[in-house]
Amino acid sequence: MREALPGEWHYRFEIDDRTISGKTQTKLQLLAVRRVKDRINRELKRNAESES
């Protein structure tokens, strides 16, 4: 995760063979980290449900 512009954070992560990227807007780095963690958890849950 990196700050592209003041208050705009870009992220990229991989789950299996998929690369997921996006951005979130906040001035606080810790809030940006929290939002990305939440996104990762949603993707992991979605992946687990599709395998069931």
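The values are calculated or read from the model by the stated rules, or taken from the named source; none is laboratory data. All figures in this text were calculated on a predicted structure; none of them were measured in a lab. Please note: Cβ atoms are built from the backbone with ideal geometry, for glycine as well, and neighbour counts cover all protein chains shown. Keep in mind that these areas ignore ligands, DNA and RNA; they rest on the heavy atoms of the full protein, side chains included. Shrake-Rupley method; radii C 1.70, N 1.55, O 1.52, S 1.80 Å.
As an exercise, take the mean of 1/r over every pair of distinct alpha carbons in the chain, invert it, and state the Kirkwood radius in angstroms. Provide the component values of the computation, followed by the final result.
On the way: mean 1/r = 0.0857 Å⁻¹.
By the Kirkwood definition, the hydrodynamic radius is 11.7 Å.
Which residues in segment 17-52 place their backbone N less than 14 Å from a point set 7 Å from the Cα of Met1 along the Cα-to-Cβ direction?
21-42
With axes computed from alpha carbons, what is the tilt in degrees of helix 29-51 against the longest principal axis of the chain, rounded to the nearest 10 within 0 to 90?
Compared with the principal axis, the helix lies near 10 degrees.
Using Cα pairs closer than 8 Å and at least 6 residues apart in sequence, work out the relative contact order for the chain, in percent. Mind dumping the intermediate values first?
Details: 48 pairs, mean separation 13.2, N = 52.
Relative CO of the chain lands at 25 percent.
So if I place +1 on the C-beta of Lys and Arg and -1 on the C-beta of Asp and Glu, and nothing else carries charge, what would the dipole magnitude of the chain be about its Cα centre? I want it in debye, nearest 20. It would help to have the intermediate numbers written out before the result.
Details: 12 positive and 9 negative charges, 65 e Å.
Charge dipole, the chain, about its Cα centre: 300 debye, nearest 20.
When all protein chains stay in place, what accessible area (Å², nearest 10, 1.4 Å probe) is found for Leu44?
Counting only protein heavy atoms, Leu44 exposes about 80 Å² to solvent.
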